[in-house]
Structure formats: structure tokens, C-alpha cells
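Novice: Following this message is one structure expressed as C-alpha cells.
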């Protein structure tokens with residue numbers, strides 16, 4: 001079986017459509033991050049308490065809420081979640097960060113509120129987590145720096161293996177993927193937890209793969225055909241590697257999709273980030289990274305500099 | 001060619017056998033047991049899968065520094081008086097700067113005597129002494145402060161370890177955490193009863209006995225009234241219940257001497273006992289010989305005055321000194337559980353500084369078990385989908401890729417068994433991702449081979465070229481993914497680190513399986529084929 005043979009699409013001719021597509025999603029994400037849902041940090045980043053409670057019978061959220069009101073806890077967020085145990089419906093109870101005091105207090109407050117005021121059936125605390133505000137802030141810094149260091153690492157490696165402009169183009173593409181993935185979390189108002197950040201960092205490495213496959217081919221083609229224009233070579237390289245790009249991403253997407261569908265509640269955010277990120281990452285290696293090489297070349301020519309092909313060093 | 005092929009096949013079979021062994025027995029000798037037992041013996045399950053408690057504690061080291069300077073204030077006052085410096089006032093004027101002691105009111109006639117005391121090694125080794133008009137400022141040296149903080153942290157870790165051992169937790173992790181932030185990481189697998197953990201850790205709180213100067217009173221202002229309205233620099237106000245045995249009392253305020261008579265490390269032994277007359281729970285204690293002398297000296301000089309037992313900055317009981325106490329005593333006004341906890345705490349020594357929780361996570365065992373089931377489902381579903389697609393798309397070569405994939409998984413799990421790694425839920429996700437990324441290398445190679453075949457090359461030349469060209473790309477893609485996994489490992493903790501480790505192992509194993517193993521299989525197939533016969537790809 002062979003799906004993509006002798007494909008001849010003028011990718012660069014469609015660059016404005018592709019750019020518009022990227023812009024729409026990036027801008028929508030940025031707007032949501034700034035004005036709508038902001039960045040929905042999970043409990044590990046913003047501090048606070050989360051208690052996972054499973055019930056014998058499907059509970060009414062109103063009854064739980066009134067149980068908390070009766071106990072004087074007004075700011076509890078109550079949310080039914082897709083449970084991990086089919087027979088036991090689960091509810092996630094979140095309390096905002098209050099103080100740096102003992103972490104078990106909030107958990108105990110949730111427990112006693114339910115014990116004394118909720119009588120519709122039995123329940124059990126499945127897991128609980130409390131994070132102090134300082135810990136959350138440290139973690140936010142660490143996550144930001146880890147992502148930046150990761151991008152920097154990629155840039156340096158690609159600079160060493162190809163040329164600086166390849167590194168810049170690839171890093172811009174991956175940054176674009178990260179931005180849109182975080183934007184997707186903001187738009188759908190899903191919490192960004194530590195494991196989501198782990199998924200995003202993995203994406204930083206993985207989205208790079210498709211881009212490298214394309215760049216490798218561009219470099220190879222540039223070395224053998226010096227008469228063609230750069231955009232012809234880039235187009236041909238994109239078409240030649242299209243089957244690879246789609247198959248590799250598609251197969252990884254298959255496993256990530258099964259993780260999303262069967263992996264359970266705890267990994268939900270993690271697999272959502274990968275599902276979105278892999279789709280965007282595949283798209284961006286075609287629509288962002290490669291056109292950037294051509295745009296850079298055009299810009300150099302426009303400035304009257306030598307059109308040095310960023311072809312370059314042999315591996 | 002034939003011989004070389006046999007050698008390579010030998011390497012592959014040996015790898016398969018060795019890593020399968022590692023999956024079941026880790027680095028140890030073969031044992032008997034069910035498959036499940038063997039698996040969990042060699043590959044440890046993380047807290048999130050097994051259930052358990054994860055805590056990050058902040059040790060308030062500044063308190064220990066403050067306690068040290070407080071006792072130095074008292075010592076210096078005595079030393080100056082002994083040296084004949086009259087009227088000097090030693091105090092800590094700025095409560096926010098715990099490491100600075102001020103000496104004031106030193107007349108010019110006494111300057112040399114005061115200098116003599118301050119230049120003695122007991123002060124100059126820990127403090128930088130600066131002259132100010134009519135006095136001196138002593139600032140604790142950075143070096144001394146650092147050493148002290150690190151001692152406090154180590155002592156806290158040791159004390160908590162003893163407490164946790166009393167819970168009977170298997171394989172607890174108790175270690176310093178973060179970079180110089182005086183934090184402690186505690187991981188207690190299998191313990192998901194938060195109250196039990198809470199009690200054990202809470203009971204490591206700070207215990208001291210202080211002299212009572214004023215109170216109890218209903219408000220802070222009233223308590224201070226008994227002392228003339230303002231708080232003397234060597235005193236402090238501490239809250240506590242008016243009567244510990246009666247429930248539902250509002251807080252009362254006590255004024256206590258800042259310097260403790262005896263504190264945490266001075267206690268040698270303790271037992272929960274009952275008052276023979278009232279039947280009330282009590283804790284009887286013994287002091288170390290040095291502390292016993294100090295306590296005797298104090299109590300014999302202060303018969304009739306009050307002393308307060310302060311637990312975690314709260315007055316728990318107050319008693320008046322009836323006669324000189326040497327090295328043993330009784331703490332009254334406790335519930336039965338409190339008496340038991342307090343005894344345990346005094347026996348193992350209390351913490352040198354108080355602690356607070358930065359991060360707590362408890363996972364129940366059923367949630368963990370459900371996570372494993374889901375993880376395994378997702379892994380099997382993902383793997384079957386990928387294998388099926390490879391067979392469909394690449395036919396004969398698909399078998400090749402699937403074999404490489406299975407071997408990749410065996411090596412990854414074997415590696416985890418060998419190193420005794422901990423498998424976390426994100427770690428399972430890492431295994432699943434490895435399956436997806438693992439076949440990527442095969443796809444790159446196969447697509448290249450197809451391309452070479454379309455150009456009209458012979459099967460063996462196509463295979464040769466395909467591997468040679470795809471090899472460079474595979475190295476580049478693996479390096480970038482491993483770089484991001486390495487950064488993830490450096491910045492992450494617990495479960496996230498588990499993920500980074502699995503991902504990296506998986507990718508390294510993949511270079512071996514997708515390139516070396518696949519190549520060997522191709523060569524074996526080409527060897528059997530007649531010249532010119534087509535390759536199934």
C-alpha cells in the first residue's frame with residue numbers, strides 16, 4: 001500500500017493561506033490567555049487544594065454545594081469528572097489557596113463538610129493535593145525556564161548540524177506549536193498541570209522531528225541541484241517527505257489518541273496536549289519552518305546581499 | 001556475509017534473552033513467584049500507581065537562628081555583668097533581623113572590659129562585632145548561619161525519619177529538596193491515610209519549656225498590662241487555651257521569657273502515664289544531664305513561679321514550680337493520644353525548628369490500581385493499532401518493524417527492571433509514546449527504501465542506501481527529543497522524572513532496534529532471495 005506517491009503541491013504558493021491559519025489560531029489563543037480564560041493554571045502552579053472524591057451513587061452537585069455552604073466553605077469549586085472507576089462517579093473539589101499553613105487542614109475541612117452535611121450516600125477520598133503559593137510560583141518559573149532552555153538547546157544543536165537560519169526557523173515553528181497548544185488549553189479552559197508541561201516539553205522535542213526530516217531533505221536536494229531556485233527545492237523537498245511526515249506523525253498520533261481515549265482521567269490533560277500538539281507540530285513543519293527559510297532568502301536578496309543558499313555543511 | 005549475519009542474529013537473540021531476564025528478575029538472581037509478583041519486584045510502582053503520600057515540607061530555619069541568638073543574648077548579659085560592665089543592655093532590637101544582637105549603654109570606662117568579653121572566642125567565632133556609639137552590634141557570620149541552617153535541616157530530616165519509621169512504612173523517601181531552600185521531600189508509598197501521616201509529622205513539632213512572666217489574659221493588651229503596658233525585649237507573647245482539658249475555650253494570652261529553659265534536644269526519655277489520683281493522661285519525661293542541671297538551677301531559684309510547656313508556638317500546659325526539679329518531670333493536661341504522641345516525640349527528640357507544608361499529595365490505592373488498568377489498556381490499544389497499520393502498509397517489512405517494536409519494548413522494560421526504576425503514570429505514558437515514536441525510525445527507513453526502489457535500484461542497493469540516508473535523520477531527531485527529555489529530567493520531580501527517564505531509555509533502545517535489528521532482518525531476507533526478486537515493502 002502506498003498513499004502519497006508523486007505528490008506535487010505548491011506549498012509555498014499557498015503560504016498566505018497557511019500563515020492566516022496559523023495567525024487565527026495563535027491570536028485566538030493569545031486573546032483567550034489575555035482576556036478570556038487567562039492561562040488556566042492547575043493546582044500545582046497556582047496553589048490551593050484539590051480533593052478527588054468518589055461516591056457510591058451519582059451525587060447531585062447542588063447537594064454537595066449546599067453541604068459546603070452549611071460548613072461555611074463558600075469558595076469551593078465542585079466539578080463532576082470522568083472517573084477512573086466505572087462504578088463510582090467522581091467529583092473534583094477545589095479550594096483556592098488560602099495560606100501557607102498545614103496542608104492537611106483544607107483536606108480535613110472538605111472531609112468534615114461532607115461527613116456532617118452530605119447524607120445522600122457513602123463517599124471516599126481518592127486523592128488530595130495541596131500546594132502552597134510559594135511552591136506554585138517556583139514551579140511556574142521552573143516550567144518557563146525549562147521550556148526556554150529546551151528551545152535554546154534545539155537552536156544550538158540545529159545551528160551545529162545545519163546552519164543558524166535552520167535552527168531559527170525550526171525553533172520559531174516549535175514555539176508556534178507551544179503557543180497554540182497552550183492557547184488550546186486556555187480556549188477550552190482546561191487546567192495546565194505539571195504533567196501537561198511535561199507533555200509540552202516532549203512536544204518541543206518531538207515537533208522538531210518532522211522539521212528535521214524536511215530540512216535534511218532540503219539540504220540534500222540543495223547540494224545536488226544548484227540551478228533551481230530555493231523555493232522550487234523547498235517545495236520538492238516538502239512533497240518528497242510528505243509521506244514520511246504524515247506517517248510518522250500519524251502513527252504517534254494513533255498511540256496518543258489511544259492514551260487520550262483509554263488512559264483515564266489523570267492523564268487526560270497530558271494526552272490532550274499531545275493530541276493537539278502533534279497535529280499542530282506536523283502542520284507547522286510544512287507551513288511555518290520551511291517557508292521561513294525561503295522568506296529569509298527573499299529578504300536577503302531584497303536587501304541586496306548575496307543570495308547565499310542556506311544549503312550548507314554536509315553532515 | 002552468512003557468518004556476519006549469524007553473529008548479528010546472535011547479538012539480537014542474546015539481547016532479547018538478557019533483557020527479558022531483567023524484566024522479571026531485575027539485577028538479582030532468579031526467584032520463584034507469580035508473574036505479577038516478579039514484575040512488581042523488579043519494576044517499582046510510583047506513588048501515583050501504588051497509592052501513597054507525597055509531601056514537601058518547609059523548615060523554618062530562621063527560628064533556630066533566632067533561638068540561638070536569644071540564648072546568646074542571655075549569655076552575653078551574664079558575661080558582661082561578670083566582667084564588671086555595669087548597666088549594659090543586651091537585646092535584639094529589630095524582630096525581623098533574627099541574626100543581629102545590639103549592646104547599648106556601655107560607658108566609655110567599660111569599653112575595654114566589654115571588648116575583652118566580645119573578643120573571646122565564644123562570640124567572635126560566630127559573630128562579626130561592630131562598634132556603634134556607646135555600644136556594639138553583633139551580626140551572626142554568614143558562614144556560621146549557613147552551617148547552623150544546614151545542621152537544622154539535617155537534624156530535622158533525621159528526626160522525621162525516626163518518626164516515619166515508627167509508622168512502619170516500607171521504602172520511605174526522606175531527603176533534602178530544592179536548591180538551598182531548606183525544604184524536605186517525603187514520599188511514603190502505600191500510606192494514603194492522611195491523618196496517620198499528619199499525626200506522625202505533626203508530632204515532630206517543636207517543644208520547649210519557658211518561664212511565665214505574665215498572663216493568662218483574654219487579650220494581648222491585657223496580658224501586657226501586667227508588665228506595665230509594653231513588651232520587654234527578652235519576653236514574648238504566646239497564645240494558648242486557658243485550660244487544656246476543657247474543650248471549646250477561647251484563646252488566652254501568656255507573656256513568656258523568650259529564652260527556653262529546656263528545649264527539644266534536652267529531653268532524654270518520656271513515657272505516657274496516668275495521674276494515680278485523677279486518672280488524667282500525662283507524659284513523664286527525663287532530661288539529659290546538662291539540661292537537668294540547668295533545670296535544677298532554675299527551678300530551685302524560682303519556686304512558686306510558673307512554667308509553660310510550649311508545643312509548636314502554643315502554650316499547652318502551665319504549672320507552678322512546687323519544689324526544685326532535677327532531671328525529670330510530668331507534663332499534665334493532655335488527652336490520651338496527645339500523651340502518647342508527645343512521649344514518642346520526646347523520646348526521639350523534637351525538631352529544632354517548626355515546619356509547614358508546601359505541597360501534599362495523597363493517592364488512594366484504588367485510584368492507583370485504576371490508573372494502571374487504564375494505562376495498560378491504552379498501551380495495548382496503541383500498540384496493536386500501530387502494529388496493524390505497519391503490516392497493512394508495508395506488508396513483509398511491516399513484520400520487520402513489528403519485531404523491532406516488540407524488542408524495543410522488551411529492552412525498555414528490561415532496562416527499568418535492571419536499574420530498579422520507578423514506573424509512574426506519566427512513565428506509562430512515556431512507554432506508550434515510545435511505541436509511537438519507535439516506529440517513526442522504521443517509517444523513515446522504509447520510505448527511503450521505497451524511494452530508492454522507485455529510482456530503479458536493486459533491493460540490496462535500496463536497503464543499503466535507505467539505511468545510510470535515514471541514519472543521519474534518525475540521529476538528529478533522537479538527539480532533539482532526548483535533549484528535551486533531559487531538560488525535563490533536570491527540572492521535573494517525581495512522576496515527571498519517571499516520564500523523562502522512560503522516554504530517554506526508549507529512544508536509546510530504539511536506535512538499536514530500528515537500525516541494527518531491522519537491518520539484520522532485511523539482510524537475512526535478502527540473503528535468501530534470488531537475484532532480482534522483489535522486496536515486500
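Novice: From B:427, B:456, B:398, grab the single residue that is outside any helix (DSSP H, G or I) and either more than 10 Å from chain A (Cβ to nearest Cβ) or surrounded by fewer than 24 Cβ atoms within 10 Å (Cβ to Cβ) (or both). Give the steps one after another, and end with the answer.
Specialist: Details: B:427 fails: outside any helix (DSSP H, G or I); B:398 fails: outside any helix (DSSP H, G or I).
Exactly one residue qualifies, and that residue is B:456.
Novice: Still on this structure: Among the residues of region B:172-186, what is the count of those that are modelled with pLDDT under 75 and more than 9 Å from the chain's Cα centre (by Cα)? Working first, answer last.
Specialist: Here is the first cut: in region B:172-186, the ones modelled with pLDDT under 75 are B:178-180.
Applying the additional criterion that residues be more than 9 Å from the chain's Cα centre (by Cα) yields B:179-180.
Of the residues in that region, 2 qualify.
Novice: Output the residues belonging to region B:279-292 that are out of contact with any strand residue (DSSP E or B) (no Cβ under 9 Å at 6 or more places or on another chain) and more than 20 Å from residue B:263 (Cβ to Cβ).
Specialist: B:279
Novice: Would you please name the residue that is farthest from the other protein chains (Cβ to nearest Cβ), looking only at residues in region A:246-264 that are in contact with a helix residue (DSSP H, G or I) (Cβ under 6 Å, 6 or more places away or on another chain), closer than 11 Å to residue A:278 by Cα and surrounded by fewer than 24 Cβ atoms within 10 Å (Cβ to Cβ)?
Specialist: The selected residue is A:253.
Novice: Answer yes if at least one residue in region B:414-421 is surrounded by fewer than 23 Cβ atoms within 10 Å (Cβ to Cβ), more than 12 Å from chain A (Cβ to nearest Cβ) and in contact with a strand residue (DSSP E or B) (Cβ under 9 Å, 6 or more places away or on another chain), and no otherwise. Spell out the reasoning first.
Specialist: Here is the first cut: in region B:414-421, the ones surrounded by fewer than 23 Cβ atoms within 10 Å (Cβ to Cβ) are B:415, B:418-421.
Then drop every residue that is not more than 12 Å from chain A (Cβ to nearest Cβ), which leaves B:415, B:418-421.
Filter once more, keeping what is in contact with a strand residue (DSSP E or B) (Cβ under 9 Å, 6 or more places away or on another chain): B:420-421.
The answer is yes, given that some residue of region B:414-421 is surrounded by fewer than 23 Cβ atoms within 10 Å (Cβ to Cβ), more than 12 Å from chain A (Cβ to nearest Cβ) and in contact with a strand residue (DSSP E or B) (Cβ under 9 Å, 6 or more places away or on another chain).
Novice: Among the listed residues B:370, B:470, B:381, B:404, which satisfies the condition of being over 20 Å from residue B:38 (Cα atoms), modelled with pLDDT of 90 or more and either touching a strand residue (DSSP E or B) at 6+ places or on another chain (Cβ under 7 Å) or surrounded by fewer than 24 Cβ atoms within 10 Å (Cβ to Cβ) (or both)?
Specialist: On the way: B:370 fails: modelled with pLDDT of 90 or more; B:470 fails: either touching a strand residue (DSSP E or B) at 6+ places or on another chain (Cβ under 7 Å) or surrounded by fewer than 24 Cβ atoms within 10 Å (Cβ to Cβ) (or both); B:404 fails: either touching a strand residue (DSSP E or B) at 6+ places or on another chain (Cβ under 7 Å) or surrounded by fewer than 24 Cβ atoms within 10 Å (Cβ to Cβ) (or both).
Exactly one residue qualifies, and that residue is B:381.
One line per residue, one yes/no per condition, for (1) more than 14 Å from chain A (Cβ to nearest Cβ); (2) at pLDDT 80 or above; (3) under 28 Å from residue A:135 (Cα atoms):
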residue	(1), (2), (3)
B:30	yes, yes, no
B:36	yes, no, no
B:41	yes, no, no
B:46	no, yes, yes
B:55	no, yes, yes
B:60	no, yes, yes
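Novice: While we're here: Inspect region A:303-315 for any residue being surrounded by 18 or more Cβ atoms within 10 Å (Cβ to Cβ), in contact with a helix residue (DSSP H, G or I) (Cβ under 7 Å, 6 or more places away or on another chain) and assigned to a helix (DSSP H, G or I) and give the result as yes or no.
Specialist: Within region A:303-315 (the criterion being surrounded by 18 or more Cβ atoms within 10 Å (Cβ to Cβ), in contact with a helix residue (DSSP H, G or I) (Cβ under 7 Å, 6 or more places away or on another chain) and assigned to a helix (DSSP H, G or I)), the answer is no, since none of the residues qualifies.
Quick grid of which residues meet (1) touching a residue at least 60 places away in the same chain (Cβ under 8 Å); (2) in contact with a strand residue (DSSP E or B) (Cβ under 8 Å, 6 or more places away or on another chain):
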| residue | (1), (2) |
| --- | --- |
| B:93 | yes, yes |
| B:102 | no, yes |
| B:105 | no, yes |
| B:147 | no, no |
| B:159 | yes, no |
| B:162 | yes, no |
| B:168 | no, no |
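Novice: Report whether or not residue B:439 is touching a helix residue (DSSP H, G or I) at 6+ places or on another chain (Cβ under 9 Å), at the interface with chain A (Cβ under 7 Å from one of its Cβ atoms), surrounded by fewer than 21 Cβ atoms within 10 Å (Cβ to Cβ) and part of a helix (DSSP H, G or I).
Specialist: Values: touching a helix residue (DSSP H, G or I) at 6+ places or on another chain (Cβ under 9 Å): yes; at the interface with chain A (Cβ under 7 Å from one of its Cβ atoms): yes; surrounded by fewer than 21 Cβ atoms within 10 Å (Cβ to Cβ): no; part of a helix (DSSP H, G or I): yes.
The answer is no for residue B:439.
Novice: Please find, within region A:182-212, the residue that is farthest from residue A:141 (Cα to Cα) out of those that are assigned to a helix (DSSP H, G or I) and away from chain B (no Cβ under 14 Å). Walk me through how you get there before you give the answer.
Specialist: If we filter region A:182-212 for residues that are assigned to a helix (DSSP H, G or I), which is where we start, we get A:182-187, A:194-212.
Checking the rest, the ones that are also away from chain B (no Cβ under 14 Å) come to A:182-187.
Values: A:182: 16, A:183: 19, A:184: 21, A:185: 19, A:186: 19, A:187: 23 Å.
Among those residues, the one meeting the criterion is A:187.
Novice: Which ones in region A:122-151 are surrounded by 15 or more Cβ atoms within 10 Å (Cβ to Cβ), without any contact (Cβ under 8 Å) to a residue 24 or more places away in the chain and more than 7 Å from chain B (Cβ to nearest Cβ)?
Specialist: A:138
Novice: Can you tell which of A:60, A:54 is out of contact with any helix residue (DSSP H, G or I) (no Cβ under 7 Å at 6 or more places or on another chain) and more than 25 Å from residue A:196 (Cβ to Cβ)?
Specialist: Within the list A:60, A:54, the selection yields A:60.
Novice: Across region B:45-60, what is the total count of residues that are buried (at least 22 other Cβ atoms within 10 Å of the Cβ) and assigned to a helix (DSSP H, G or I)?
Specialist: 3
Residues are listed down the side, and each one gets a yes or a no for (1) within 11 Å of chain A (Cβ to nearest Cβ); (2) over 21 Å from residue A:207 (Cβ atoms); (3) part of a helix (DSSP H, G or I):
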{"site": "B:464", "(1), (2), (3)": "no, yes, yes"}
{"site": "B:469", "(1), (2), (3)": "yes, yes, yes"}
{"site": "B:479", "(1), (2), (3)": "yes, no, yes"}
{"site": "B:486", "(1), (2), (3)": "yes, no, yes"}
{"site": "B:496", "(1), (2), (3)": "yes, no, yes"}
{"site": "B:508", "(1), (2), (3)": "no, no, yes"}
{"site": "B:515", "(1), (2), (3)": "no, yes, yes"}
{"site": "B:520", "(1), (2), (3)": "no, yes, yes"}
{"site": "B:527", "(1), (2), (3)": "no, yes, yes"}
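Novice: Does residue A:46 satisfy the criteria of being in contact with a strand residue (DSSP E or B) (Cβ under 6 Å, 6 or more places away or on another chain) and modelled with pLDDT under 85? Walk me through it before giving the result.
Specialist: Numbers: in contact with a strand residue (DSSP E or B) (Cβ under 6 Å, 6 or more places away or on another chain): no; modelled with pLDDT under 85: yes.
So residue A:46 fails the test.
Novice: Residues that are crowded, with 19+ Cβ neighbours inside 10 Å and modelled with pLDDT of 85 or more: does region A:55-62 have at least one? Break it down stepwise before answering.
Specialist: Keep residues of region A:55-62 that are crowded, with 19+ Cβ neighbours inside 10 Å, which gives A:55, A:59.
Add one more test, that the residue is modelled with pLDDT of 85 or more, and what stays is A:55.
Within region A:55-62 (the criterion being crowded, with 19+ Cβ neighbours inside 10 Å and modelled with pLDDT of 85 or more), the answer is yes, since at least one residue qualifies.
Novice: Of all the strands (runs of 3 or more DSSP E) wholly in region B:72-141, which have at least 3 residues that are crowded, with 20+ Cβ neighbours inside 10 Å and within 35 Å of the chain's Cα centre (by Cα)?
Specialist: Details: elements: B:89-91, B:100-104, B:127-132, B:135-140.
Ranges flagged: none.
Novice: Just checking, which of A:80, A:87 is modelled with pLDDT under 85 and more than 12 Å from chain B (Cβ to nearest Cβ)? Outline the logic, then answer.
Specialist: On the way: A:87 fails: more than 12 Å from chain B (Cβ to nearest Cβ).
Of A:80, A:87, the one residue that is modelled with pLDDT under 85 and more than 12 Å from chain B (Cβ to nearest Cβ) is A:80.
The values are calculated or read from the model by the stated rules, or taken from the named source; none is laboratory data. This is a predicted model, so every value here is computed, not measured. Don't worry about glycine lacking a Cβ; one is built from the backbone with ideal geometry, like all the others, and counts go over all protein chains shown.
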